[in-house]
Amino acid sequence: MNNMNFRRVFRDLPQIETDRLTLKKISVSDAEDLYSYASLNSVTRFLLWSPHLNIEDTRGYIEFLNRQYKKGNYADWGVFLKSEGRLIGTTGFADFDFENNSGEVGYVLNPAYQGNGYMSEAVSAVLSVAFDRIGLERVNLRIMEENKPSMRLACRLGFDFIKVGEEPLNVKGEDRIIHYYSLTKEKWKNLAV
Ligand SMILES: CC(C)(COP(=O)(O)OP(=O)(O)OC[C@H]1O[C@@H](n2cnc3c(N)ncnc32)[C@H](O)[C@@H]1OP(=O)(O)O)[C@@H](O)C(=O)NCCC(=O)NCCS
């Protein structure tokens with residue numbers, strides 16, 4: 001990975017426009033929109049974090065994101081629906097493996113906005129940052145076995161199923177089987193043609 005590219009992207013998280021969405025930094029004024037879905041068990045069921053218990057949890061998370069933005073560390077973009085001007089989800093990098101020039105991506109969408117292709121559109125934009133701007137060779141996803149909507153999203157974007165994790169991961173007291181998906185820069189370039 002070219003460290004210069006990495007630093008250039010994250011020193012001031014870029015705003016990205018897609019057909020229907022704007023991906024940009026989240027601010028405290030987005031707390032109500034974020035809390036409306038981050039507080040739901042149905043949303044966090046297959047995530048590593050637990051539902052926000054109150055709006056203060058959400059504000060605390062947004063403050064954490066803002067510290068990351070300021071430090072030039074990677075942190076999620078807010079996904080804003082242009083037609084309503086409101087935050088409907090988040091996506092971004094969950095991890096980087098500098099040695100292998102790869103990164104992991106994550107995403108969460110308010111259930112009220114699911115089923116419209118919004119998150120596929122947003123993650124596509126993140127993949128473009130990953131491959132074109134940072135210069136990664138591979139992007140990975142880790143998806144819990146029962147999370148079929150996430151697996152469909154992975155396949156829609158061209159990710160290949162790689163393997164089922166050998167050991168279950170204990171997440172919030174439950175053993176979860178993890179499915180690994182991966183997309184190479186080469187495949188992504190061919191899909192984009
Ligand atoms: C994973 C998650 C983002 C998927 O949401 P989603 O709305 O299904 O994903 P998209 O926004 O890409 O929309 C795709 C759906 O919209 C439909 N759709 C409608 N119009 C579309 C369009 N213009 N383009 C693409 N898809 C479209 C697709 O057919 C698809 O539905 P299907 O899966 O029933 O076939 C959502 O379930 C979620 O946030 N879950 C909770 C958090 C989570 O588990 N995150 C992932 C952790 S690994």
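Within the chain, what's the longest run with no GluC sites (Glu not before Pro) in a DSSP loop and at most 15 other beta-carbon atoms within 10 Å? Give the range, please.
1-83
Could you calculate the FRET efficiency of ASN5 with GLU166 from 1/(1 + (r/R0)^6), where r is the beta carbon distance between them and R0 is 41 Å, rounded to 0.05?
0.75
Using helices alone, I'd like the mean residue ellipticity at 222 nm for the chain: each DSSP H run of four-plus residues gives -39500 (n - 2.57), total over residue count, nearest 500.
Taking each H run of at least 4 residues, the total per residue is -9500 deg cm²/dmol.
With 10 angstrom as the radius, rank THR90, THR18 by how many other C-beta atoms surround their C-beta, starting from the fewest.
Arranged by neighbour count, lowest to highest, THR90, THR18 become THR18, THR90.
Using a simple spin-label model with points 7 Å from Cα along the Cα→Cβ vector, what separation in nm is obtained for SER120 and GLU146?
2.5
Which loop-located trypsin sites (Lys or Arg not before Pro) does the range 147-193 contain, where loop means any DSSP state but H, G, I, E or B and the Cβ has at most 16 other Cβ atoms within 10 Å?
Qualifying residues, ordered by number: LYS172.
Rank these for me by crowding, TYR35, TYR113, going from fewest to most other beta carbons within 10 Å.
Listing TYR35, TYR113 from fewest to most nearby Cβ atoms yields TYR113, TYR35.
Going by the alpha-carbon gyration tensor, a ≥ b ≥ c the square roots of its eigenvalues, is the chain rounded (a/c under 1.5) or, if a/c is not under 1.5, prolate (a/b greater than b/c) versus oblate?
The shape class here is rounded.
If we count other beta carbons within 10 Å of each Cβ, what is the order of LEU47, LEU127, fewest first?
With the sparsest Cβ surroundings first, the list reads LEU47, LEU127.
Take each uninterrupted DSSP H stretch in the chain, measure its Cα extent along the helix axis, and return the ones at 15 Å or beyond whose mean Kyte-Doolittle hydropathy is at least 0.5.
Correct list, ordered by number: 118-128.
On full extension of the chain, what length is gained from GLN15 through ALA112, given 0.36 nm per residue of separation minus the C-alpha to C-alpha distance?
Additional length available on full extension: 32.5 nm.
We did not get these values from a lab; they are worked out from the coordinates using the rules stated. These numbers were taken from a predicted model, which means no experiment stands behind them. Counting neighbours? That spans all protein chains shown, and the Cβs are built from the backbone with ideal geometry, glycine included.
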